[in-house]
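Asks: A single structure is presented below for examination.
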Amino acid sequence: MLVLSDELSKLKNMCESKVKLYAKLGIYTINDLLWHIPRGYMDFTSPVKIKDAKIDELIAVRGKVIDKQWSQKRNLIIYTVLITDGEDELQVKIFNAKQMFHALAFGAEFIFWGKITRVFDAQIMQLRSFARVAPGLTMRPIYGMTAGLASWMIAVNVREVLTRITDLPGFVPPEMAIERGLLELKPAFATIHFPANRELLADARSRLMLEELIDFNLGILKLRAGRCRESLVCVQDCDLTAFYGAVGFKLTLAQERTIEEVVLNIKGGQIVSRLVQGDVGCGKTVVAAAIIYLLCKNGYQAAIMAPTEMLAAQHYNNLAGLFSRLGVTVALLSGGVAVGQKKKILERLAVGEIHCVVGTSALLAEAVEFARLGLVVTDEQHKFGVNQRKKLGEKGMEPHTLIMSATPIPRTLAMMLYGDLDISVINELPPGRLPVKSCFVDSSRRQQVYAFIKKELNKKHQVYIVCPLVEEDGDSDGELVDDDGLKKVVSQAEQLQSSIFKEFKIGFVHGRMRRTEKNKVMQDFKENRIHILVSTTVIEVGIDIPNATVILIENAERFGLAQLHQLRGRIGRSNLQSYCILLSDSRSELIQKRLAFVAAHPNGFEIAEFDLKTRGPGEFLGTRQHGAMRFKIADPYDLELLSLARNIAQKCF
């Protein structure tokens, strides 16, 4: 039998190379594998008539094979299967999948699952998978994958776990589970991975969402338990006159108010734990700098932890000049720092010669020691887990904690998600910033978009083009293939460089590049040696290029609203007029409504409120990119379930 803490190596046929592939997905134990929730399902339980199939949506139709043909274009073999449901006909396209083509026998009835598109007057399905019509058809899971580890392989391992696992403990008391009609934990996991139908799937989802939210709230309660004690970090001198003089510009009233709120907390003698929320570009870093200066002035050290090396380096560059005028020593500590230099930084940090260190999660390493750590600042905290934040804090004598987030969350929701924190909101932008002009268009206006981009480039401005992160690894039997319409970073950059923008320099960056390559590209873009940067969402957080005035977001329907707003925040960071272009060919009325709302509203908190009202549970069957909390399955916008989870957690605590 298996237990949750067992490593994956205990599974049958689990070789070392496969364990390494799972590690790329952050899966190391049986518990991790069970919580690797499918990102979608192929639903063979309720096929629709061909005439009722919606364009540009993944859907199942039932039909009989009446014709089969194939053709070849260079290295691409296109198989075409004509099907009928007795009333209408539909062409089904299969690419380079000979085995699937031969399995579709003449005269036999199948359920075909894929996306239907319209080419001129004809409807065509791009086939993802199929099943012969038979009793007991179910929904098949689609997992997040990596090269060499297909969705069907993950499903085989999950089935083995469900067969060999002992009873699973849960947080929900048995009597409450019975009263509310909740599934037991093991059946809930079995159903979430292999649902027989959508009704059972909804039951399993509710049970696991509640379980995860309870676990989250228990973590919040543990943090809150340490909040009300007196602080061991004693601050005597709270005069910030020298800081305001060194900044060189006048802060907004919202920035000054937030600084005052933190200073009052510190004067009160209690441990400060505060979330500083503010829209992109509102100046949260200056607020953090003021508190860092205050602590360093009183003999303490500060640490700033950022989610990426690019953002950490940017914070360091922004703070180094300011702090040099104030006598505060600052250093950068990340994976990219040379070994010899890193050793010197660690030595100086341990004896207190470095007052402020900026870094990534490298700050959590055991080798990183502080003489008197008094303040921990985490930027874009939703990128870090509760335990990471706590681990950094344990390097000092219960230091004050300042958490910065540009992810807009409605205040009522923020108070529930961050129940262990006080909350400050910076709701003003620095003077001189022009609102970003945004629009939502489809591909029919692509050439106009490119012409507009050329105008901006001719003004010596720079441009971002953002493409969605695309899963390119498919199952061996063709269950998952890439969407032809989705733009890919490398191919998009090469195509634009060789055709539309020959006279300009185009670079690209994505998460799979080496650190040194990524940093080199970003530095070249910052110094205007690259004019157009084609990127995935690695530029979502904190990248500050004042000369960039246009961001074109391809396939905008693939991003959450908060994420779109974050991406838009990469521009409009100077007194130059900036433009955000959302491009999508989706025919979905809901998607069009949501994208139009983002285009029409520059305020992130208004977008967050709208997102809260228009998101639906069905969206969890697609790519989950909500841009706020990174739960496995839970929906933090479900306030009723979140409230129930808090009540149960308080009883368990």
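Bear in mind that the values in this text are calculations on the coordinates, not laboratory data. Here the structure is a predicted model, which means the values were calculated and not measured. So basically every Cβ, Gly included, is an ideal-geometry build from the backbone, and we count neighbours across all protein chains shown.
Asks: Filter Lys454/Lys518; Lys73/Lys98; Lys18/Lys488; Lys73/Lys93 down to the pairs with a C-alpha to C-alpha distance above 19 Å, please.
Replies: On the way: Lys454/Lys518 25 Å; Lys73/Lys98 15 Å; Lys18/Lys488 27 Å; Lys73/Lys93 14 Å.
With Cα atoms farther than 19 Å apart: Lys454/Lys518; Lys18/Lys488.
Asks: Once phi is turned into θ = phi - 60°, what whole-Hz ³J(HN,Hα) does the Karplus curve with 6.51, -1.76 and 1.60 give for every residue of the range 640-645, x standing for Gly and Pro?
Replies: 5, 5, 5, 5, 4, 4
Asks: Sticking with this structure for a sec: Can you compute the helix-only [θ] at 222 nm over the chain? Use -39500 (n - 2.57) per DSSP H run of at least 4 residues, normalise by all residues, nearest 500 deg cm²/dmol. Intermediate values should be presented prior to the final figure.
Replies: Details: 21 runs with 236 residues, N = 653.
Rounded to the nearest 500, the figure is -11000 deg cm²/dmol.
Asks: Give me the one-decimal nm value for the distance between modelled label points at Glu369 and Gln236, 7 Å along each residue's Cα-to-Cβ direction.
Replies: 2.7 nm
Asks: Size of the dipole of the chain about the Cα centre, Lys and Arg at +1 and Asp and Glu at -1 on the beta carbon, nothing else charged, in debye to 20?
Replies: On the way: 83 positive and 73 negative charges, 319 e Å.
Dipole size: approximately 1540 debye.
Asks: When we measure straight from the Cα of Lys459, which lysines land under 22 angstrom away, once same-chain ones fewer than 8 places off are left out?
Replies: Lys437, Lys502, Lys505, Lys526
Asks: Order of 524-531, 288-295 by packing, highest average Cβ count within 10 Å first?
Replies: On the way: 524-531: 17.1, 288-295: 25.2.
Result, highest mean Cβ count within 10 Å first: 288-295, 524-531.
Asks: Rounded to two decimals, what ratio of Rg to Rh does the chain give with C-alpha atoms and a Kirkwood Rh?
Replies: Working: Rg = 26.7 Å, Rh = 27.2 Å.
My calculation of the ratio gives 0.98.
Asks: Out of the trypsin sites (Lys or Arg not before Pro) in the range 273-308, which ones are loop residues according to DSSP with at most 13 other C-beta atoms within 10 Å?
Replies: On the way: sites: Arg274, Lys284, Lys297; in loops: none.
Passing both the DSSP loop test and the Cβ count: no residue.
Asks: Which percent, nearest 5, of DSSP beta bridges in the chain are antiparallel? The partial results should precede the final answer.
Replies: Values: 40 of 95 bridges.
Antiparallel: roughly 40 percent of the beta bridges in the chain.
Asks: Taking the highest mean first, how do the peptides 205-213, 328-336 order by number of other beta carbon atoms within 10 angstrom per residue? Each step should come with its number before you reach the end.
Replies: Values: 205-213: 23.3, 328-336: 20.0.
Output ranking for 205-213, 328-336: 205-213, 328-336.
Asks: By how many nm would the segment from Ala177 to Phe106 lengthen if fully extended, with 0.36 nm per residue of separation less the alpha-carbon distance? Intermediate results must be reported in sequence, preceding the final value.
Replies: Values: separation 71, 0.36 × 71 = 25.56 nm, distance 4.99 nm.
Additional length available on full extension: 20.6 nm.
Asks: Residue-wise, which Karplus ³J(HN,Hα) couplings in Hz belong to the range 301-312, taking 6.51 cos²θ - 1.76 cosθ + 1.60, θ = phi - 60°, and x for glycine or proline?
Replies: 10, 9, 10, 10, 10, 10, x, 9, 5, 4, 6, 4
Asks: Further question on the same structure: What is the pair-distance distribution P(r) of the range 46-132, computed from all Cα-Cα distances in 5 Å bins starting at 0, with each bin given as a whole percent?
Replies: 3, 15, 29, 27, 17, 7, 1, 0
Asks: Provide the net charge surrounding Pro602, with neighbours chosen by a C-beta distance below 10 Å and charges set as Lys +1, Arg +1, Asp -1, Glu -1. Walk me through the intermediate numbers first.
Replies: Values: positive: Lys437, Arg568; negative: Asp279, Glu606.
Net charge in that neighbourhood comes out at 0.
Asks: Using only Cα atoms, tell me the angle between helix 515-526 and the longest principal axis of the chain; keep it within 0 to 90° and round to the nearest 10.
Replies: 70 degrees
Asks: Relative to the present Cα-Cα distance, how much length would full extension add between Val119 and Ala131 at 0.36 nm per residue of separation? Walk me through the numbers before you get to the answer.
Replies: Numbers: separation 12, 0.36 × 12 = 4.32 nm, distance 2.53 nm.
Answer, rounded to one decimal: 1.8 nm.
Asks: Still on this model: Mind checking which lysines have their C-alpha under 19 Å from Lys222, skipping anything on the same chain fewer than 8 residues away?
Replies: Candidates past the 8-residue exclusion: Lys390, Lys391, Lys395, Lys651.
Asks: Just grab the label-to-label distance for Ala23 and Glu260, each label 7 Å out from Cα along the Cβ direction, in nm (one decimal).
Replies: Those two pseudo-labels are separated by 5.3 nm.
Asks: Right, here's the next one. Grab the Cα-Cα distance for Lys54 and Lys505, subtract it from 0.36 nm times how many residues apart they are, and report the gain in nm with one decimal. Numbers along the way, then the final one.
Replies: On the way: separation 451, 0.36 × 451 = 162.36 nm, distance 4.06 nm.
Extra length available between Lys54 and Lys505 comes to 158.3 nm.
Asks: With just the Cα atoms defining each centre, how far is the range 41-117 from the range 171-246? Give it in Å.
Replies: 43 Å
Asks: Going by average Cβ neighbours within 10 Å, how do the peptides 302-312, 352-362 rank, with the highest at the top? Walk me through the numbers before you get to the answer.
Replies: On the way: 302-312: 24.5, 352-362: 21.7.
The densest-packed peptide leads the list: 302-312, 352-362.
Asks: Now a separate question. With a cap of 16 neighbouring Cβ atoms within 10 Å, and only residues DSSP puts in a loop, list the chymotrypsin sites (Phe, Trp or Tyr not before Pro) found in the range 58-153. Before the final figure, lay out each step's value.
Replies: On the way: sites: Trp70, Tyr79, Phe95, Phe101, Phe106, Phe110, Phe112, Trp113, Phe120, Phe130, Tyr143, Trp152; in loops: Phe106, Phe120, Tyr143.
In loop regions of the range 58-153 (DSSP not H, G, I, E or B), the sparsely surrounded chymotrypsin sites (Phe, Trp or Tyr not before Pro) are Phe106, Phe120.
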